[in-house]
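The values are calculated or read from the model by the stated rules, or taken from the named source; none is laboratory data. Not measured: the values here are computed from a predicted model. Ideal geometry is used to build each Cβ from the backbone, glycine not excepted, and the neighbour counts take in all protein chains shown.
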Amino acid sequence: EAGVVQSPRYKIIEKKQPVAFWCNPISGHNTLYWYLQNLGQGPELLIRYENEEAVDDSQLPKDRFSAERLKGVDSTLKIQPAELGDSAVYLCASSSPGGDPGELFFGEGSRLTVL
Amino acid sequence: GDSVTQMEGPVTLSEEAFLTINCTYTATGYPSLFWYVQYPGEGLQLLLKATKADDKGSNKGFEATYRKETTSFHLEKGSVQVSDSAVYFCALIDSGNTPLVFGKGTRLSVIA
């Protein structure tokens with residue numbers, strides 16, 4: 001069974017440029033999460049989807065961040081424009097329907113560096 | 001709000017040494033507790049969990065016991081190996097509708 005796939009693994013951009021991250025969850029997992037992990041910190045939730053509906057986006061900075069999961073499978077997280085402080089690892093995770101809500105399956109992350 | 005506090009790292013141990021990584025939590029409800037591990041170059045993965053007081057989670061030689069009276073969930077292993085070098089995250093979830101909340105992580109380095 002394939003795991004959670006994220007791309008790109010690494011991205012370097014200049015400030016004020018846009019950037020997008022893509023995530024493909026485990027097949028059959030209807031819940032998808034985007035987490036932000038700053039250096040030396042634990043992951044922090046940005047947004048959670050149940051199928052195509054964003055059910056928790058309270059921590060998503062909506063002035064510059066957006067996310068979508070149009071068909072309830074793949075998801076894209078976008079930042080426009082990027083700021084220096086956005087340098088971090090962006091993690092995607094998924095969980096199975098009816099499973100333990102604390103058991104998440106994570107991708108390897110997308111490391112963003114903003115210069 | 002809910003929070004998790006872990007001991008500061010990095011922790012450096014010799015092979016076969018005993019490991020303890022302390023974790024305490026604050027929660028409004030009755031949370032489930034987890035340890036996640038992140039090996040170099042890999043994504044976070046669930047190591048073990050406990051869902052009620054006095055439960056012991058165990059996996060790969062690691063153990064942690066849910067202690068409600070001390071609000072703790074310390075991770076232990078009797079004899080660490082070089083392959084255990086990773087970052088360990090303690091986490092909790094208070095209910096099905098709240099997100100998983102992570103501690104800051106503790107980096108473990110095991111030297112031969």
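Just a few scattered comments:
- Those residues of segment A:1-54 which are touching a strand residue (DSSP E or B) at 6+ places or on another chain (Cβ under 9 Å), assigned to a strand (DSSP E or B) and among the acidic types (Asp, Glu), in sequence order: A:GLU44, A:GLU50
- Taken together, B:ALA64, B:ALA86, B:ALA91, B:ALA17 contain a single residue that is within 28 Å of A:SER58 (Cα to Cα) and among the small types (Gly, Ala, Ser), which is B:ALA91.
- For segment B:31-46, the count of residues that are exposed (fewer than 13 other Cβ atoms within 10 Å of the Cβ), modelled with pLDDT of 95 or more and over 10 Å from the mean Cα position of the chain (by Cα) is zero.
- Restricted to segment A:96-112, and to residues there that are more than 9 Å from chain B (Cβ to nearest Cβ) and modelled with pLDDT of 95 or more, the residue that is surrounded by the most Cβ atoms within 10 Å (Cβ to Cβ) is A:SER110.
- Options A:ILE79, A:ILE12; residue that is away from every other protein chain (no Cβ under 14 Å), over 17 Å from B:GLY43 (Cβ atoms) and in contact with a helix residue (DSSP H, G or I) (Cβ under 7 Å, 6 or more places away or on another chain): A:ILE79
- Filter pass, B:VAL110 being away from chain A (no Cβ under 14 Å) and touching a helix residue (DSSP H, G or I) at 6+ places or on another chain (Cβ under 6 Å): yes
- Meets criteria (over 11 Å from the mean Cα position of the chain (by Cα), facing chain A (nearest Cβ under 9 Å), on the phi < 0 side of the Ramachandran plot and among the small types (Gly, Ala, Ser)) for B:SER95: yes
- Residue check, B:GLY61 farther than 24 Å from A:ARG48 by Cα and crowded, with 19+ Cβ neighbours inside 10 Å: no
- Where strands (runs of 3 or more DSSP E) fall wholly inside segment B:1-78, the ranges with 3 or more residues that are of a type outside the set (A, V, I, L, M) and either within 14 Å of chain A (Cβ to nearest Cβ) or out of contact with any Cys (no Cβ under 6 Å at 6 or more places or on another chain) (or both) are B:3-6, B:23-26, B:32-38, B:56-59, B:62-65.
- Scope segment B:14-30; condition crowded, with 17+ Cβ neighbours inside 10 Å and in contact (Cβ under 8 Å) with a residue 60 or more places away in the chain; matching residues: B:LEU19, B:ILE21, B:CYS23, B:TYR25, B:ALA27
- Of the residues making up segment B:61-103, those that are within 18 Å of A:ALA93 (Cβ to Cβ) and modelled with pLDDT of 95 or more are B:ALA86, B:VAL87, B:TYR88, B:PHE89, B:CYS90, B:ALA91, B:LEU92, B:PHE102, B:GLY103.
- Within segment A:26-45, considering residues that are more than 12 Å from chain B (Cβ to nearest Cβ) and farther than 15 Å from B:LEU100 by Cβ, the one surrounded by the most Cβ atoms within 10 Å (Cβ to Cβ): A:ASN30
- Counting only residues that are among the aromatic types (Phe, Trp, Tyr) and more than 15 Å from A:ASP86 (Cα to Cα), segment A:1-25 holds 1 of them.
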